[in-house]
């Protein structure tokens, strides 16, 4: 093994000694890397003395020992040079930033929170103080003769219109709903609509069942199996004579007095 024992050789850097030994053996960096089964960049880092690129010290010493044995250098001498260089180039502890006292940071955070809370409270107080004061307006009331529609003096025009509409609806004669009772002795499809076309019932009813509905007359009724349905309006039976078709269905309208009259299919909603 051709080691370099001369003083001049010992004083040479690690990278220079490894490079000279490799070239003396006629090896390229790639060829030496193939023999050691490592990446060529590892050997390039050793020859450039870029030891930080190789990671921890234990890895540097391992690569340094194997490379020295391959090219015929002294592993002990090179590792000694590495140790001396590592001690010389130790970290400068004076440049490591030190964290301030934890108590000081906590005091700063608490002070910032107090400032935010104070600003929020001030904003709420300002908003409350600048709100316009709302003064209630008394409603004008008067005693009306019996039978006269009641009106209420309301400051808001929209509210006045609403009160007027409700009062008018209450004063319309004949606006009370009628009660329709259906008793099923057989299965039947049924649909019922009130005077406004609002659907009160639609679907199939089972035998031995009953349905009671309320709606503004006249009520439009559609029965799929009219012979299996008994119809009553306000407790009075509604006769369906002459209203049942050959297929058993019936389409009719019941007025407030309980009289039923046939209607064409197109006059029934959904029909």
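Shown here are the Rg and Dmax of the Cα trace of segment 49-89, at 9.8, 28 Å. For segment 178-267, the gyration tensor built on C-alpha atoms gives a rounded shape. Its axis ratio a/c (a ≥ b ≥ c) stays under 1.5. Quick check on segment 8-88: take the gyration tensor over C-alpha atoms, sort the square-rooted eigenvalues as a ≥ b ≥ c, and tell me if it's rounded (a/c under 1.5), prolate or oblate. The shape class here is oblate.
A short reminder: the numbers here are calculations on the coordinates, not readings from a lab. Remember, predicted model here, so these are calculated numbers, not experimental data.
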